[in-house]
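Chemist: Quick one: the structure is below, questions incoming.
The values are calculated or read from the model by the stated rules, or taken from the named source; none is laboratory data. As the structure is a prediction and not an experimental result, all values here were calculated from the model. Reconstructed Cβ throughout: ideal geometry from the backbone, glycine too, with neighbour counts over all protein chains shown.
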């Protein structure tokens, strides 16, 4: 299956700063990538669908101006958390889905906002 | 919204079979049943998926009822490393279709 990497694996930042998280599909050209967020002891919540060469599709309740997604190539999508606040502290996970339906996830990025 | 119902937790003895049930009574004819698991602080791992026939791979077996309203994931010989949260998801089998996670089943495998 597809191999997905994320960078960084963890990040600590001060409140008000912006943080960029990269998601790379190492062996699969992904026209579509997905971004999830997971709070402690909760399930994964889909934030947005990232489409190569076009705007991302955000789920209801997710602020598109706060969570900027750029899918610049078939192997790279980035999520930028702008003006991060402590409530944005979470585990962010990206995924790619192959044409036949199997979805493969990155290892996740743990964001802590102080 | 998730379209599946799973028990919140299950226990299993090491070496025994773990049978994880999932109800998906509103599944449509073209939707597949997918199973993923998530070990603490890691990204979810794909296990298996199927449409209506039973499926088996090196990790697990998937048994889908004839009416497709429920399924069971079977880990034939559970090990301590199988302790994880297991998610049952129904979805169309296309590359752009999003997966919506429910609350899953927390499986604890004990010695």
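Chemist: Would you call residue B:98 on the phi < 0 side of the Ramachandran plot and more than 11 Å from chain A (Cβ to nearest Cβ)?
Modeler: no
Chemist: Please go through the range A:13-39 and give me each residue that is touching a strand residue (DSSP E or B) at 6+ places or on another chain (Cβ under 7 Å) and surrounded by fewer than 12 Cβ atoms within 10 Å (Cβ to Cβ), ordered by number.
Modeler: Passing the criteria: only A:26.
Chemist: Next question. Quick test of your reading of the structure: residue B:64 fulfils all but one of (1) more than 11 Å from chain A (Cβ to nearest Cβ); (2) touching a residue at least 40 places away in the same chain (Cβ under 8 Å). Name the failing condition by number.
Modeler: (2)
Table: residues versus (1) at pLDDT below 95; (2) in contact with a strand residue (DSSP E or B) (Cβ under 8 Å, 6 or more places away or on another chain).
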site	(1), (2)
B:21	no, yes
B:32	yes, yes
B:42	yes, no
B:51	yes, yes
B:71	no, yes
B:87	no, yes
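Chemist: All but one of (1) within 11 Å of chain A (Cβ to nearest Cβ); (2) more than 29 Å from residue A:7 (Cβ to Cβ) hold for residue B:34; state the number of the condition that does not hold.
Modeler: Condition not satisfied by residue B:34: (2).
Let's see how each residue does on (1) in contact (Cβ under 8 Å) with a residue 60 or more places away in the chain; (2) under 12 Å from residue A:23 (Cβ atoms); (3) surrounded by fewer than 15 Cβ atoms within 10 Å (Cβ to Cβ):
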position	(1), (2), (3)
A:41	no, no, yes
A:44	no, no, no
A:63	no, no, yes
A:77	no, yes, no
A:83	yes, no, yes
A:86	yes, no, yes
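Chemist: Moving to a separate point now. Which of (1) within 28 Å of residue B:84 (Cα to Cα); (2) at pLDDT below 95 does residue A:90 not meet, given it meets every other one?
Modeler: Unmet condition: (2).
Chemist: Output the number of residues of the range B:1-10 satisfying the condition of being surrounded by fewer than 19 Cβ atoms within 10 Å (Cβ to Cβ) and under 18 Å from residue A:41 (Cα atoms).
Modeler: Residues that pass the stated criteria total 6.
Chemist: Just for strands (runs of 3 or more DSSP E) wholly inside the range A:52-114: which have at least 3 residues that are under 21 Å from residue A:40 (Cα atoms) and within 14 Å of chain B (Cβ to nearest Cβ)?
Modeler: Qualifying strands (runs of 3 or more DSSP E): A:90-97, A:109-113.
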